Amino acid sequence: MTFTLLTIIIIVTVIVSLNAFKDNALMDKLIYSPYRSKHNREYYRMLGHILIHADSTHLIFNMMSLYFLGSLLEQEFMFQYGGLNGEIHFLVLYILGGLFATLIPYMRNQDNPNYRSLGASGAVSAVIFAAIIWNPTMELGLLFIPIPIPAYIFGPLYLAFEYWADRRGNTGIAHDAHIGGAIFGILYVLIINIDKGKDFFSIIF
C-alpha cells in the first residue's frame with residue numbers, strides 16, 4: 001500500500017472520527033461553532049471539524065468520495081507539478097477548502113450559540129469540484145441516477161441542488177458549507193492553471 005498524502009489524510013480522519021464517536025469531550029472540542037469561534041476565539045474549530053463526523057455513514061461517504069476523486073486529482077497534480085509540489089497543491093486545496101467552507105456558516109451564525117456543524121464535506125467538495133474543472137469529461141455516478149454522467153453536467157446539477165436545499169432549509173445538512181467548498185475548489189484550479197478553466201468553459205459553451 002502506497003502512503004500518499006491522500007492516504008494519510010483518510011487514515012488520520014478515520015482515527016480521529018472513530019475516537020470522537022466514543023469521546024464526547026473530543027467531539028465537543030473539535031465541532032464547528034461559529035459563535036464560539038468568534039466570541040471565545042476558538043478559531044481552531046474552523047479546521048478541527050473536518051476530522052470528525054456525525055456517524056459511521058457520514059464518515060464512510062465522505063472518505064469514499066474523497067478517495068475516488070481525490071486519488072485521481074492527486075495523481076494529476078503530481079504529474080503536472082512534480083511529486084512534492086503536487087502533494088503540496090493537494091494539501092493546500094483540502095485544508096483551505098475546509099476553511100473556506102466555514103465562511104458562509106460563520107457569516108450566518110456567528111451570533112447563534114446553537115449552531116453546530118462537523119465533517120469533511122466542505123473540504124471534500126473542494127476536491128470534487130477541483131477534479132471536475134481539471135477533468136470535465138470524466139463520468140461520475142450518483143446514487144439516485146443509475147447511469148454515469150459527464151462531470152461538466154454533474155457539477156452544475158450538484159450546485160443547483162445544494163442551493164435549492166440550502167434555500168429550503170431544515171435538512172440538518174450544512175449545504176452552504178458544501179457550496180463554499182465547491183467554490184474554493186473551482187477558484188483554486190483557476191488560480192493555479194487557468195487553461196483548465198478555459199477548457200471547461202469551452203466544453204460547456
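Under a Cβ-Cβ cut-off of 11 Å, what is the net charge of the residues other than residue 107 that fall near it, where Lys and Arg count +1 and Asp and Glu count -1? Charge balance near residue 107 sits at 0. Full extension of the chain between residue 22 and residue 204 gives 60.8 nm of extra length, using 0.36 nm per residue less the Cα-Cα distance. In a fully extended conformation the segment linking residue 61 and residue 7 would gain 17.9 nm over its present Cα-Cα distance, using 0.36 nm per residue. How would you classify the stretch 1-49 from its alpha-carbon gyration tensor, with a ≥ b ≥ c the square roots of the eigenvalues: rounded for a/c under 1.5, else prolate if a/b is greater than b/c, otherwise oblate? Cα axes put the stretch 1-49 in the oblate bin.
Using a ≥ b ≥ c from the Cα gyration tensor of the stretch 146-205 (square roots of the eigenvalues), is it rounded, prolate or oblate, where a/c under 1.5 gives rounded and otherwise the larger of a/b and b/c decides, a/b for prolate? Note, shape of the stretch 146-205 comes out oblate.
When you filter the trypsin sites (Lys or Arg not before Pro) in the stretch 1-88 for DSSP loop state and at most 11 other Cβ atoms inside 10 Å of their Cβ, you are left with 41. Its relative contact order, with pairs defined as Cα atoms under 8 Å and 6+ residues apart, puts the stretch 1-151 at 27 percent. For the chain, a simple Cβ point-charge model (Lys and Arg +1, Asp and Glu -1, everything else neutral) yields a dipole of about 560 debye relative to the Cα centre.
Within the chain, helices built from complete DSSP H runs that reach 27 Å or longer along their own axis (Cα positions) and carry a mean Kyte-Doolittle hydropathy of 0.5 or higher are 56-81.
Measuring nothing but how far apart in sequence close Cα pairs (under 8 Å, 6+ apart) lie, relative to its length, the stretch 69-144 scores a relative contact order of 35 percent.
Compared with the alpha-carbon gap, the fully stretched path from residue 38 to residue 167 is longer by 44.0 nm at 0.36 nm per residue. Rg/Rh for the chain stands at 0.97; both radii use Cα atoms, and Rh follows the Kirkwood definition. Using the average count of surrounding beta-carbon atoms within 10 Å as a protection proxy, the listed peptides 54-65, 111-122 rank, highest first, as 111-122, 54-65. When peptides 162-172, 188-198 are sorted by average Cβ neighbour count within 10 Å, with the highest value leading, the order is 188-198, 162-172.
Net charge of the neighbourhood of residue 77, taken over other residues with C-beta under 14 Å away and scored Lys/Arg +1, Asp/Glu -1, is -2.
Every number in this text was worked out from the coordinates using simple rules, so none of it is lab data. Since this is a predicted model, take the numbers as computed values, not measurements. Glycine gets a Cβ as well: all are built from the backbone with ideal geometry, and neighbour counts include every protein chain shown.
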